[in-house]
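Read-outs: derived from the displayed coordinates by stated rules, not from any lab. Predicted model only: the values in this text are computed from it and were never measured. Positions of Cβ are backbone-derived with ideal geometry, glycine not excepted, and every protein chain shown enters the neighbour counts.
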Amino acid sequence: MIGEFFRTLPDALAAWWEFGDGFFGLLLMVASVALVVGFAAVAYRLRETQGWLSSLFGSMAVLVGLWWTLGIIPSAWIYFADSQRDLLSDSIIPSAIVIGDLEVASNFYNVFRDSILMLEAGIVLGVGVWLIFAIQKRFPGGLAEGEDRGPTSGGYK
């Protein structure tokens with residue numbers, strides 16, 4: 001079983017490379033990362049002088065990042081896993097989990113495929129929440145120079 005995994009692995013990686021359109025797909029990913037970094041750098045640079053413009057560029061960086069991490073990558077994984085099922089099934093990803101005569105999961109391939117998506121989405125959301133708190137801590141919002149805090153309502157009585 002382990003030997004079959006390593007014999008199939010080069011074919012699976014070649015199929016992934018071909019599925020991602022080779023160097024063109026890699027170039028597109030690098031360009032998107034550069035776009036996110038560029039938007040974030042412009043947002044950082046404009047933060048002190050142009051608050052709204054900084055927010056706009058920061059939002060664009062987040063949008064492109066989320067578009068990739070919660071849209072393109074999960075969709076590509078589903079299409080790849082489904083189109084290469086014959087190659088991946090039972091050599092890299094088990095199609096069923098059987099213990100003795102007991103069949104624990106007859107559709108383990110689909111469970112594994114979807115679990116990868118759940119794991120990826122959880123990581124993206126966790127990193128996103130951490131990033132929100134880190135940005136808020138590093139750049140706390142404040143009043144503009146000369147602006148007074150308005151009267152407080154006193155809350156509910």
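Details
- Note on F24 and A105: the extension gain reaches 25.3 nm, defined as 0.36 nm multiplied by sequence separation minus the Cα-Cα distance.
- Site pair W52 and V37 shows an inter-label distance of 3.1 nm when each label is modelled 7 Å from Cα along Cα→Cβ.
- Selected from G150, A41, W130, residue furthest toward positive end of dipole (the chain; charges at beta carbon): G150
- Region 34-123 - charge dipole about Cα centre, Lys and Arg +1 at Cβ, Asp and Glu -1, debye rounded to 20: 620 debye
- For the chain: rounded, prolate or oblate by the Cα gyration tensor [a/c cutoff 1.5]: oblate
- Computed about the Cα centre, the dipole magnitude for the chain is approximately 860 debye when only Lys and Arg (+1) and Asp and Glu (-1) carry charge, each at its Cβ.
- Here region 90-117 is scanned for amide nitrogen atoms under 13 Å from the site 7 Å beyond the Cα of S83 along Cα-to-Cβ, giving none.
- Under 5 Å, built H, 5+ apart or other chain: amide partners of A105: I97
- Counted by Cβ distance under 15 Å from G141, the other residues give a net charge of +1, where Lys and Arg count +1 and Asp and Glu count -1.
- Per-pair calculated FRET efficiency, R0 = 41 Å: D148 and D114 via Cβ, rounded to 0.05: 0.15
- Extension gain, R138 to W67: 0.36 nm times the residue separation minus the Cα-Cα distance gives 23.1 nm.
- Here is what passes the span test in the chain: the DSSP H helices with alpha carbon length of 18 Å or more along the helix axis and a Kyte-Doolittle mean of 1.0 or above are 22-46, 51-67, 108-138.
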